[in-house]
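Report on the structure given below.
The values are calculated or read from the model by the stated rules, or taken from the named source; none is laboratory data. All figures in this text were calculated on a predicted structure; none of them were measured in a lab. Virtual Cβ from ideal backbone geometry, glycine too; neighbours counted across all protein chains shown. Accessible surface is based on the protein model in full, side chains and every heavy atom, while ligands, DNA and RNA are left aside. Shrake-Rupley method; radii C 1.70, N 1.55, O 1.52, S 1.80 Å.
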Amino acid sequence: YWKEHCFGLTAESLVDKAMELDTVGGTFGGIREPSHFIQLTLKMLQIQPEKEIVLEFIKNEDYKYVRALGAFYLRLTGRPAEVFQYLEPLYNDYRKLRRRLASGEYCLVHVDELVDELLRDEYVFDLALPHLPKRHTLVASGLLTGPRRSALEEDLNELIAEEEAAEAAAKAEAKAAAKAAAKEQKAAAEAAAREKEAAAASRRPPP
């Protein structure tokens, strides 16, 4: 695969080859054969594509294996703040990937699970990853701002806002209904009082 497909790749042609990926993984089998994924990673390390190309890999929503390749490469070569900045949004990608295990068998892993490994583990796909400081350390040093906000948190905030708005509307409606009922009771009491006065007046003897 390396001689036939990777040897003459350039940064531009690498994209087409990455689109053909159908698994992620490191080495497998008794002779530790390198997967196509890890060979393309090695080719990227050789040609060192521009940062914009790597980011386009990561932002690619049509080809999930292209995204995984870009994320893995950035984790190997990127600065810590960049790694968190560009990989954390992928926590919102729940698509399934086929992963080739060291035994040669396959298992399923989600994109967000792979991203979590890249941000937390020291070894991924049989490679030792560069040291990555804890997120709070980068926040304390000013390289990152604030805690990570997930799409679930945003959805939860929207749901809470909708519930609060519905509750406020229900309270306003109940208040208006109570006010209308009190007004009706007052009107009924005044009408009863007038009827009582009229009945008493009709029973008085004439002067």
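Does segment 55-67 contain any residue that is within 18 Å of the chain's Cα centre (by Cα) and either of a type in the set (A, V, I, L, M) or closer than 19 Å to Leu144 by Cβ (or both)? Yes: segment 55-67 contains one or more residues that are within 18 Å of the chain's Cα centre (by Cα) and either of a type in the set (A, V, I, L, M) or closer than 19 Å to Leu144 by Cβ (or both). Select from segment 83-98 the residues that are closer than 21 Å to Ile53 by Cβ and open to solvent by 30 Å² or more (accessible area, probe 1.4 Å) and list them in ascending order. Correct list: Gln85, Tyr86, Pro89.
The helices (runs of 4 or more DSSP H) found wholly in segment 20-78 and carrying at least 3 residues that are farther than 19 Å from Val109 by Cβ and open to solvent by less than 60 Å² (accessible area, probe 1.4 Å) occupy 36-47, 51-59. Assess whether Arg95 counts as being within 20 Å of Glu33 (Cα to Cα) and either among the acidic types (Asp, Glu) or touching a residue at least 12 places away in the same chain (Cβ under 8 Å) (or both). Criteria not met by Arg95.
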